[in-house]
Amino acid sequence: MIRCRMTYQKTEALRYTGNLDLQKIWERFLRRADLPVAYSQGFHPQPRIQQAAPLPLGFLSRAELADIYLDDDSLAPSDVVTALDAMPYPGIEICNVELVDLSLPSLASRVLSSEYLAEFFDPIDIGELTDRVTKLLAAPSLNRTRRDKAYDLRPLIESLEVMTSESGPALKMMLAARQSATGRPEEVLAALGFSPYDARYTRTRILLAD
Amino acid sequence: MSFDHHRLQLQLERILPTVQKPGRYVGGELNQVLKPWDSVETRVALAFPDIYDLGLPNLGLAILYQDLNARPDVLAERVYSPWTDMELAMRNNSIPLYSLESHRPVLEFDILGITLPYETLYTNALNLLDLAGIPLHAAQRTEQHPLVIAGGHACYNPETMADFIDAFAIGEGEELIHDIVIVYQAWKRSGKPRADLLLALTQVSGVHVPSLYQPGYTDDGLFTGLTPLHPLAPRKITKRIVAQLPPPPTRFIVPSIDVVHNRVAVEIMRGCTRGCRFCHAGMVNRPVRERPVAEILTAIQTALKETGYEEVALLSLSSSDYTQIVDLVDKISKHASENHLTISVPSLRIESFSIDLMDKLKGSRQGGFTLAPEAATDRMRATINKPIAAEQLLETARAIYSRGWSTIKLYFMIGHPSETMEDVQAIADLCQAVLSEGRKIIGKRASLHAGVSTFVPKPHTPFQWAPCDTPEQMQAKQELLRRELRGPGLKMTWTSPKDTLLEAWLSRGDRRMGQVIFNAWQNGAKFDAWQDQYRYDIWQAAFEAAGVDPAFYTHRQRAEDEIFPWDHINPGVRKAFLLGEYRASREQIFRADCRDSCFGCGILPTFAEIRRENPGKHWMCPEVPIRKVKKPLEAVIS
C-alpha cells in the first residue's frame, strides 16, 4: 500500500459540493482512473481517502490537500497523475502528487491554519477597508456568536491584510484551523461590518505542522 | 437577445449561498453535455417537475437526454423545479427558470419536454411554466414560446392536463422523440403559424394534441367522448413502442451532491406478464421485451467506467421473471465482489429463488428484504390476480431471516375492490405470523416493516370501473392496522387518505379538472407529492371555485358501458379485455402468467406488424406468422 498526498484545486464545478459528497467524488474519480484505492477493514469497508480540512460550501480552493491510499506499491506519483489526467473530473485540478510515509499521523491532525482570499462583489473604498482592518486587528478580543455558541474570533486571526485583486480590493487572511479552533473568513467579514455574502472566498493555502 | 449570461452568474453567486443544497442549481456535473448554443438547429429543455434530487436519477429522461444529444442538430439540457427557498430567491431577483447546462432561460428553447410519471407533479408542472415565463394555458402560447410536450405514465390519461400541454407523447419515447423533432424542424423552417405545427404533430403516431378535440358531457356530468375539431385529428391515439429495447444509456450524469439514487441503472426488461389487476404499469407497458444478458453486461461495464459509480441497479417491473436472471446475476456478482460494488435487484417475487439471487449478490443485509404480497387473503389475491399462498410467504420469510436479514419489509395495499375488514385484519395477522417466524429463528433481532398504501383505480386497468374507498373507509382500515401492528419489532407506514384522494382525482380526471388544477396552483399548491407541502384545503377550495364535485371522480362505481375520458388513448390493451378481467376479478378467477398462455389482451393485434417483423424470444408474446399473400379474387377467377 502507498499513501499519496494530493494537492488540488477545487474549482467552479464543485463549488457547491460539501465535504461528504466530495469524498464520494474522489472515490469515483479514482475508480474511473482505474487506480486501486485501498479499503478500510471491518464490516463496512470504506475507501481510504482523507481530506485535510473541510472546505465550506460555496468556497473555491487553490490548494486542497488529501491523502489517498492505493493498493499498488509499484505506482510512482507520476503514474497517479497520468491516470487521473486521462480521466479528468470536473471541479478537481490536480496540482501535485507526492508519496508520504504510511506511518505519518493523519493529515487532518496536522493542519494548523488556512489562508483565504475574500474578493468583494461590489466596488469598495480601499481606504475605508484598510481603516476597518486596522481597527479590527487592534481589538484585544472580538466576541461573536456562531450557531448559538459564543467565541472570540480575534485569536483565530493570525494575519489579515488588504490587497487588490483583478476585481478590486480584496482581503487576504490566515486563520487558525486546528480541530478545536477554526476561524471562518465570513465571520471576519461580518466582524468588519460586511455581509458574509458580500464576497467570493477562495482558500489559497493549508498550513501543516512539520 | 435579452439574455445576459454574466448577470445571471453574478446573481446566482450571491443567491446560492443562502439556499439549501445550492448544488442543485448549477449543473456542471460529470458527463453533462454542453453544446455551443448556436451549433444546433433545435434546442430541447427536458424537465422533471420536482427537485433535482428526485429528477436527476430518472431513467426516462436520461434516455431522452442521451438520444437527443447524440444528434448533431439538437442539444438537450435539463430543468428541475427549484425548492421553495430557491423559487422565492429567483422570483425576488427576476431570475427566470434556466437550464442547468448553459444557464439559458427555458423561454429560449424550441421545445420544453416535461415528464409526468405521476399525477402529483401537475401543479409543479404549472409552476415550472410560470417560472419560465411561458403562458400556462396552451391556447395562449404563440410562435414566441417553446412547444410544450409531456410524456410519462400519467399521460395515459391526458385530459386532466389538456389545457396546459400542447402535445402529449404517448408510450415509449426512444423513437417518438425523434419524430417530434423532425416535425418541429420542418415547421420551423416553413415559418408557418403555430397551429400548423400542432396539426402536423397529430400525424405522428403516438402524439396527441388535445386542443384539436372538444370533450362532451351529459347533463349529469358524464363524459360522452371527444369530438375531433379537425379532419386530420385521429379518433384514437395508439401508444408508441419500440420493437426491440435499444442499447441502454451508459453515460449517466453523476451528480456532485447526494440524490435519491446514486447509481448506474440498467433496465433489463420492459413490461410484466403477471397481470395484477390493480397495476397500471403492468397494463400500459406491454408487451414484455427483454434485453440480452451480453448487452446488459457490456452496458454495466461501460457505465461503471464512465461514471465511477459504486452501485448498479437492475430495473424491471418483476426482476425474477427475467428469463436469464440467474445467468445475469452470476456474472455480475463475480465482478461485484472483486470491485466493492453494490448490486440491487428490486421487484423480486415471493419465493426462495429470490433469496438465492440476493445471496449471490452478497450485498449488505442492512436495508432489509422487501416483498410485495399486496393482499393477505386468498379471496383478495384472486380478486387482484396476485396469487401467493400464505405458506409460501412464511417459508420465504423463514429463509430470509435465517440467511442473515433481520428486517423484512412487506408491501400491502388496502382498498382493493370488495375488500372487507376481515381482509384487512388478515394483513395484520400475516405480518404477525411472519414476525413470529423471525423470532423463532433470530429472536428479538427480527423485525418487520409493513408498508400499507391505498389503492387508486387507475385508467387502463381492469379496476378502472371500481370506486375508490371513501376517506372514512380508508381511516377505519388504517386504524385497525395501526392498532394491530404495534409493539416491538413492528413498524407500519401508510398513506394519508388525503394524499390518496388527490392521486385519485388527478389520475381519473377529465378536462374539467384543468380549472381545478389551475385554481389550486394559483392559490399556492405545489410539491403535492411532498407530505409537508401538500395542502388539502387549497384543493378543496379549488374544486369549489371550479364548481366540480371531487367525489364524482373518486367514489363512483362506473357502469360497464361508461365512456372514460381516456378511451381515445389506446395502450394496446383492449377495453373489452380489461372488462373481462374486471368481471373475472369479481368471480375470483385467476389468470395465469400470460407467457404460458396468451389471453388476447390486444397487444398482438395492435402491434402485429411490429411483432411479425421482430420474431424471437425477446418478446414474451407469441409470434405472429408471416401472412400468406392471398391472390386477389379476380386473379383466381380468370
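The values are calculated or read from the model by the stated rules, or taken from the named source; none is laboratory data. What you are looking at is a predicted structure, and each value in this text was computed from that prediction instead of being measured. All Cβ positions, even for glycine, are placed from backbone atoms using ideal geometry, and neighbour counts span all protein chains on display.
Yes/no per residue for (1) surrounded by fewer than 11 Cβ atoms within 10 Å (Cβ to Cβ); (2) farther than 22 Å from A:P56 by Cα; (3) polar (S, T, N, Q); (4) touching a residue at least 24 places away in the same chain (Cβ under 8 Å):
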{"residue": "A:R110", "(1), (2), (3), (4)": "no, no, no, yes"}
{"residue": "A:E119", "(1), (2), (3), (4)": "no, no, no, yes"}
{"residue": "A:P123", "(1), (2), (3), (4)": "yes, yes, no, yes"}
{"residue": "A:R132", "(1), (2), (3), (4)": "no, yes, no, yes"}
{"residue": "A:L142", "(1), (2), (3), (4)": "no, no, no, yes"}
{"residue": "A:R147", "(1), (2), (3), (4)": "yes, no, no, no"}
{"residue": "A:P155", "(1), (2), (3), (4)": "no, no, no, yes"}
{"residue": "A:E161", "(1), (2), (3), (4)": "no, no, no, yes"}
{"residue": "A:K172", "(1), (2), (3), (4)": "no, no, no, yes"}
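Determine which member of the set B:A70, B:A150 is touching a Phe, Trp or Tyr at 6+ places or on another chain (Cβ under 6 Å) and of a type in the set (G, A, S).
Every option except B:A150 fails the conditions.
Do we find a residue being within 14 Å of chain B (Cβ to nearest Cβ), over 22 Å from the mean Cα position of the chain (by Cα) and not aliphatic (A, V, I, L, M) anywhere in the stretch A:65-81?
Yes, the stretch A:65-81 has at least one match.
Within the group B:C621, B:C601, which residue is modelled with pLDDT under 95 and buried (at least 19 other Cβ atoms within 10 Å of the Cβ)?
When all the criteria are applied, what remains is B:C621.
Do we find that A:L104 is part of a loop (DSSP other than H, G, I, E, B), more than 9 Å from every other protein chain (Cβ to nearest Cβ) and farther than 30 Å from B:I300 by Cα in this structure?
For A:L104, the condition - part of a loop (DSSP other than H, G, I, E, B), more than 9 Å from every other protein chain (Cβ to nearest Cβ) and farther than 30 Å from B:I300 by Cα - is met.
Residues being under 24 Å from the mean Cα position of the chain (by Cα) and more than 14 Å from every other protein chain (Cβ to nearest Cβ): count how many of those fall in the stretch B:307-329.
Taking the stretch B:307-329 as the starting set, the residues that turn out to be under 24 Å from the mean Cα position of the chain (by Cα) are B:311-323, B:325.
Then keep just the ones that are more than 14 Å from every other protein chain (Cβ to nearest Cβ); that gives B:313-323, B:325.
Residues in the stretch B:307-329 being under 24 Å from the mean Cα position of the chain (by Cα) and more than 14 Å from every other protein chain (Cβ to nearest Cβ): 12 in total.
Of the numbered conditions (1) surrounded by fewer than 15 Cβ atoms within 10 Å (Cβ to Cβ); (2) over 22 Å from B:R591 (Cα atoms); (3) at pLDDT below 90, B:A389 satisfies every one except a single condition; which is it?
(2)
Here are the criteria: (1) more than 14 Å from chain A (Cβ to nearest Cβ); (2) over 27 Å from B:A375 (Cβ atoms); (3) within 19 Å of the chain's Cα centre (by Cα). Tell me which single one B:H261 does not satisfy.
Only one criterion is unmet by B:H261, namely (1).
Each row is one residue, and each column tells you yes or no for (1) closer than 28 Å to B:S418 by Cα; (2) assigned to a loop (DSSP other than H, G, I, E, B); (3) at pLDDT 95 or above; (4) in contact with a strand residue (DSSP E or B) (Cβ under 6 Å, 6 or more places away or on another chain).
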residue	(1), (2), (3), (4)
B:E472	yes, no, yes, no
B:M492	yes, no, yes, yes
B:F518	no, no, yes, no
B:Q531	no, yes, no, no
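At least 2 residues that are closer than 27 Å to B:I253 by Cβ in each: list the helices (runs of 4 or more DSSP H) lying fully within the stretch B:288-372 that qualify. Steps first, answer last, please.
Values: elements: B:293-307, B:325-338, B:352-361.
Because the criterion is at least 2 residues that are closer than 27 Å to B:I253 by Cβ, the helices (runs of 4 or more DSSP H) in the stretch B:288-372 that meet it are B:293-307, B:325-338.
Taking the condition surrounded by 20 or more Cβ atoms within 10 Å (Cβ to Cβ), within 12 Å of B:F412 (Cβ to Cβ) and in contact with a Lys or Arg (Cβ under 9 Å, 6 or more places away or on another chain), does B:L481 pass?
On the way: surrounded by 20 or more Cβ atoms within 10 Å (Cβ to Cβ): yes; within 12 Å of B:F412 (Cβ to Cβ): yes; in contact with a Lys or Arg (Cβ under 9 Å, 6 or more places away or on another chain): no.
The answer is no for B:L481.
For the stretch A:34-54, how many residues are in contact (Cβ under 8 Å) with a residue 40 or more places away in the chain, more than 9 Å from every other protein chain (Cβ to nearest Cβ) and more than 22 Å from the chain's Cα centre (by Cα)? Before the answer, list the steps.
Of all residues in the stretch A:34-54, those in contact (Cβ under 8 Å) with a residue 40 or more places away in the chain come to A:34-35, A:50-53.
Now narrow it down to the ones that are more than 9 Å from every other protein chain (Cβ to nearest Cβ): A:35, A:50-53.
From what's left, more than 22 Å from the chain's Cα centre (by Cα): A:35.
So the count comes out to 1.
Could you check A:P90 against (1) more than 14 Å from chain B (Cβ to nearest Cβ); (2) out of contact with any Cys (no Cβ under 9 Å at 6 or more places or on another chain) and say which number it fails?
(1)
Can you give me the ranges of the strands (runs of 3 or more DSSP E) entirely in the stretch B:112-223 with at least 1 residues that are in contact with a helix residue (DSSP H, G or I) (Cβ under 6 Å, 6 or more places away or on another chain)? Reasoning before the result, please.
On the way: elements: B:147-151, B:167-169, B:213-217.
In the stretch B:112-223, the matching strands (runs of 3 or more DSSP E) lie at B:147-151, B:167-169.
Would you pick out the residues in the stretch B:36-54 that are away from chain A (no Cβ under 14 Å) and in contact (Cβ under 8 Å) with a residue 60 or more places away in the chain? Write out each step before concluding.
Here is the first cut: in the stretch B:36-54, the ones away from chain A (no Cβ under 14 Å) are B:36-51, B:54.
Answer for the stretch B:36-54, where residues must be away from chain A (no Cβ under 14 Å) and in contact (Cβ under 8 Å) with a residue 60 or more places away in the chain: B:W37, B:E41, B:T42, B:R43, B:V44, B:A45, B:L46, B:A47, B:F48, B:P49, B:D50, B:L54.
Keeping to the stretch B:273-306, report how many residues are away from every other protein chain (no Cβ under 14 Å) and touching a Phe, Trp or Tyr at 6+ places or on another chain (Cβ under 8 Å). Before the answer, list the steps.
First, pick out the residues of the stretch B:273-306 that are away from every other protein chain (no Cβ under 14 Å): B:273-299.
With the extra rule that they be touching a Phe, Trp or Tyr at 6+ places or on another chain (Cβ under 8 Å), the set shrinks to B:275, B:277-278, B:280, B:284, B:287-290.
So the count comes out to 9.
Out of the residues in the stretch B:397-412 meeting the condition of being of a type in the set (V, I, T) and part of a strand (DSSP E or B), tell me which one is surrounded by the most Cβ atoms within 10 Å (Cβ to Cβ). Working first, answer last.
Kept after step one, since they are of a type in the set (V, I, T), are these residues of the stretch B:397-412: B:400, B:407-408.
Next, from what is left, pick out any that are part of a strand (DSSP E or B): B:407-408.
Details: B:T407: 20, B:I408: 24.
Within the stretch B:397-412, the match that is surrounded by the most Cβ atoms within 10 Å (Cβ to Cβ) is B:I408.
Filter the helices (runs of 4 or more DSSP H) completely within the stretch B:52-107 down to those with at least 3 residues that are more than 15 Å from B:P22 (Cα to Cα).
Correct list: B:59-69.
Between a residue in the stretch B:439-464 that is free of Cβ contacts under 8 Å to residues at least 40 places away in the same chain and any residue that is part of a helix (DSSP H, G or I) and buried (at least 20 other Cβ atoms within 10 Å of the Cβ), which pairs come within a Cβ distance under 6 Å, given they are 6 or more apart or on different chains?
none
Give the number of residues within the stretch B:358-386 that are crowded, with 22+ Cβ neighbours inside 10 Å and farther than 30 Å from B:E587 by Cα.
1
Would you be able to tell me the number of residues in the stretch A:3-32 that are touching a Ser or Thr at 6+ places or on another chain (Cβ under 9 Å) and more than 8 Å from chain B (Cβ to nearest Cβ)?
Residues meeting the conditions: 5.
Results for (1) touching a helix residue (DSSP H, G or I) at 6+ places or on another chain (Cβ under 8 Å); (2) buried (at least 21 other Cβ atoms within 10 Å of the Cβ), shown as yes or no for each residue.
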position: B:R14; (1), (2): yes, no
position: B:G23; (1), (2): yes, yes
position: B:E29; (1), (2): yes, yes
position: B:Q32; (1), (2): no, no
position: B:K35; (1), (2): yes, no
position: B:P57; (1), (2): no, no
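For the stretch B:437-470, name all the residues that are of a type in the set (A, V, I, L, M, F, W, C), crowded, with 16+ Cβ neighbours inside 10 Å and not in a strand (DSSP E or B). Spell out the reasoning first.
Step one: list which residues in the stretch B:437-470 are of a type in the set (A, V, I, L, M, F, W, C), which gives B:441-442, B:446, B:448, B:450, B:452, B:455-456, B:463, B:465-466, B:468.
Pick out the ones that are also crowded, with 16+ Cβ neighbours inside 10 Å and you get B:441, B:446, B:448, B:450, B:452, B:455-456, B:463, B:465-466, B:468.
Matches in the stretch B:437-470: B:I441, B:A446, B:F455, B:V456, B:F463, B:W465, B:A466, B:C468.
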